[in-house]
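See below for the structure under consideration.
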Amino acid sequence: MPEEFVYVKAWKGSSRETMIAVCDCNVIGKRVCEGKLVLDVSKDFYQGERMTVEAAIDILKMATVANFVGKGAVRCGIEAGLVHKDAVISIGGIPHAQFVQI
C-alpha cells in the first residue's frame, strides 16, 4: 500500500490552546453540501504542511482542538485517540470529525 499523506496546519492560542486542522490532500479546495450542512475545505484554512499520516498523528498529541476532513485525516484522529469512530459524520461523502479538549 502506498504511503498516505495529509495536510496539517496548526495555530497556537494566547494561552495553552493549540488548534490543528488535518485534511486529505485530495479534498483540499472542495466545497460540498448535504442538506443544511456545508463543508468548505478551503486552502486558507486546511492547506498546511504536507506530511505522512504517521507524522500527523505525532503532531496531534499537542492538540486541544482539532478538525479532521477526509478518510486519512479522520483515521489520524481515531488512531491518535482523539476521535471515536461513532463520532464521525459524512458530508457529501467526505468523512469529518472534530475534537475539543475540555
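Each reported figure results from applying straightforward, stated rules to the coordinates on display, with no laboratory input. Everything quoted here is computed from the prediction, not taken from an experiment. Cβ sites come from the backbone with ideal geometry, for glycine too, and all protein chains shown count toward neighbours.
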FRET efficiency for residue 102 and residue 37, Cβ-Cβ distance as r, R0 = 41 Å, nearest 0.05?
0.95
Step through the table entries 9/36; 12/71; 36/61; 9/61; 61/85; 30/85, compare each Cα-Cα distance with 21 Å, and write down the pairs that go over it.
9/36; 12/71; 36/61; 30/85
Where trypsin sites (Lys or Arg not before Pro) fall in DSSP loop in the range 3-61, at most 14 other Cβ within 10 Å
16, 36
Taking the range 1-82, which GluC sites (Glu not before Pro) meet the DSSP loop condition and have no more than 15 other C-beta atoms within 10 Å?
3, 17
So how many Å³ per residue does the convex hull of the Cα atoms of the range 5-100 work out to?
92 Å³
Using a Förster radius of 22 Å, what is the FRET efficiency between residue 30 and residue 51 based on their Cβ-Cβ separation? Nearest 0.05, please.
0.65
